[in-house]
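Q: Shown below is the structure under consideration.
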Amino acid sequence: MQKIVIRGGRALRGTVTVSGSKNAGLPLLFASLLTRERCTIHGLPRVADITTTLRLLEGLGVLVGDGEFATIVVEARTLTSSEAPYELVRTMRASFLALGPLVARTGHARVSTPGGCAIGSRPVDIHLAGFERLGARIRQTHGYVEAEASRLRGARIALDFPSVGATENLMMAATLADGTTLIENAAREPEIDDLAAALCKMGAKISGAGTSVIRIDGVRELGGFDHEVIPDRIEAGTLLLAGAITGGEVHVARARADHLDALVAKLEEAGVAVEARADGITVRGAALLAAADIRTSPYPGFPTDLQAQFMALMALGKGQSVITETIFENRFMHVQELVRMGADIRVDGKTAAVRGVAALSGAPVMATDLRASVCLVLAGLAAQNTTEVLRVYHLDRGYERLEEKLSTLGADIERVRA
Ligand code: EPZ
């Protein structure tokens, strides 16, 4: 077991480059199941969720090769299985994205239901309702979902909620369906647009990705693709918040301001100077942070994946900020750990009232999920004295070499054996 030790109170300064997007890279890897041809993906981050996905693909018979740098080559020339086992799916919910490509490519899929996780029950009902609309026969037995269809048929699907995963799963499946599919109330996240761009390189016929209505005209077969994944907007937002919370000046190279409008607006409301340039975004932390309310919502609203990190900033804001989490039912587990560092936060259901304090004090704290763990790192960077973040395996699921990146900005941070 490892822990991260931070001696806080240092203003971060300098330039850091954001890695490729984990949440864009995962569906891109699953899209490779739709074709027998080679798929090359550039810019994938070396994080645990990507590694888990490569293992799952290999278990299905996919050939996985390392290109130079962050390039991965995958080739699903022949599939030897159409089953995604529980022991892999339970560690990473995104494994459920194997369902759509497998049933579209082979006519059959048996994927473990993800089960809940720390932040919520994480059901897949919206995915399954969509697959039934596409003509798949769905059975749920012994914690697995089985989907069968000789060939999926295009349909009009109205999602009850703009689920990111359901939009990705159904869009991938619909590329090989017979006829036209409309996905209404689709998720609009940049990762959806990036996946659609790669699918179109494969020969898919997709329009409207990034809007609430996506049209897919099915084709008989797809080819391979060569694609560079978009920068990780959540990591970029996290690094900007590291600059803001320490009162420093940080430039995040490759960060795309058009993917971070909601965060940029809230940073400016909190008194942080933000400069968006062609090559990235620069923040200059304010000596005195103002309180700002946030309410998470589907893109382009404030991202739930930046809620915990923004709360760490508001713990030092002047006055009270109200943080409302509307996406997941249990995404305030970082609150108790922040309170142990001296934050003044009261939770009432989906809402947390944060009253800013003059300073946070370092303490040993426990990570509970991916974004809560990085929130505690941010708090540790700003806190007086030493913070130890335990269970950093949560962090490693989605952040590539984070301590290294923060060290280059002047942070006193190291990973040690716990
Ligand atoms: C994706 O998860 C992201 N993961 C999450 O990031 C992100 O928080 C989430 O989208 C919301 O933006 C990846 O892209 C790999 P959803 P996903 O389906 O697809 C409910 C991270 O930190 N729902 O949009 O699972 C669900 O319970 C992770 O990188 C149903 O009720 O999210 C949740 O309350 C965490 N039924 C809400 O919708 C369904 O069938 C949003 O879920 C599907 C979802």
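The values are calculated or read from the model by the stated rules, or taken from the named source; none is laboratory data. It should be emphasised that the depicted structure is a prediction, and the values quoted were computed from it without experimental measurement. Here the Cβ is made from the backbone with ideal geometry for all residues, glycine too, and neighbour counts use every protein chain on show.
Q: Of the residues ARG10, ARG38, only one is over 14 Å from the mean Cα position of the chain (by Cα) and under 24 Å from LEU381 (Cα atoms); which?
A: The unique qualifying residue is ARG10.
Q: Answer yes or no: is there a residue in segment 36-43 that is among the polar types (S, T, N, Q) and either closer than 24 Å to PRO190 by Cα or within 16 Å of the ligand (Cβ to nearest atom) (or both).
A: Yes, segment 36-43 contains a residue that is among the polar types (S, T, N, Q) and either closer than 24 Å to PRO190 by Cα or within 16 Å of the ligand (Cβ to nearest atom) (or both).
Q: Just to verify a result, which residue in segment 200-229, among those that are in contact with a strand residue (DSSP E or B) (Cβ under 6 Å, 6 or more places away or on another chain) and over 23 Å from VAL164 (Cβ atoms), is surrounded by the most Cβ atoms within 10 Å (Cβ to Cβ)?
A: GLY224
Q: Anything in segment 57-105 that is assigned to a helix (DSSP H, G or I), touching a helix residue (DSSP H, G or I) at 6+ places or on another chain (Cβ under 9 Å) and over 19 Å from GLU132 (Cα atoms)? List them, or say none.
A: Scanning segment 57-105 gives LEU57, GLY59, LEU88, VAL89, ARG93, ALA94, SER95.
Q: Can ILE41 be described as in contact with a Phe, Trp or Tyr (Cβ under 9 Å, 6 or more places away or on another chain), outside the structural domain of ARG391 (by TED's automatic domain parsing) and more than 19 Å from VAL89 (Cα to Cα)?
A: Yes: the conditions hold for ILE41.
Q: Being away from the ligand (no atom under 13 Å from the Cβ), assigned to a helix (DSSP H, G or I) and closer than 16 Å to ALA31 by Cα, is that true of even one residue in segment 106-118?
A: The answer is yes, given that some residue of segment 106-118 is away from the ligand (no atom under 13 Å from the Cβ), assigned to a helix (DSSP H, G or I) and closer than 16 Å to ALA31 by Cα.
Q: Turning to a different aspect of this structure: Is it the case that SER81 is surrounded by fewer than 18 Cβ atoms within 10 Å (Cβ to Cβ) and assigned by TED's automatic domain parsing to the domain that holds GLY130?
A: yes
Q: Something else: Tell me the residue from ARG256, ARG233, ARG284 that is surrounded by fewer than 21 Cβ atoms within 10 Å (Cβ to Cβ) and farther than 21 Å from LYS318 by Cα, please.
A: ARG256
Q: If you take the residues in segment 132-144 that are within 15 Å of the ligand (Cβ to nearest atom) and in contact with a Leu (Cβ under 7 Å, 6 or more places away or on another chain), which one is nearest to ALA187 (Cα to Cα)?
A: Going through the qualifying residues, I end up with LEU134.
Q: Same structure, new question: Filter segment 296-325 down to residues that are away from the ligand (no atom under 16 Å from the Cβ) and buried (at least 20 other Cβ atoms within 10 Å of the Cβ), then give me how many there are.
A: Adding up the residues that qualify gives 6.
Q: Checking the condition away from the ligand (no atom under 13 Å from the Cβ), at pLDDT 95 or above, in a strand (DSSP E or B) and not hydroxyl-bearing (Ser, Thr, Tyr), which residue from ALA173, ALA147 passes?
A: None of the others qualify; the one that does is ALA147.
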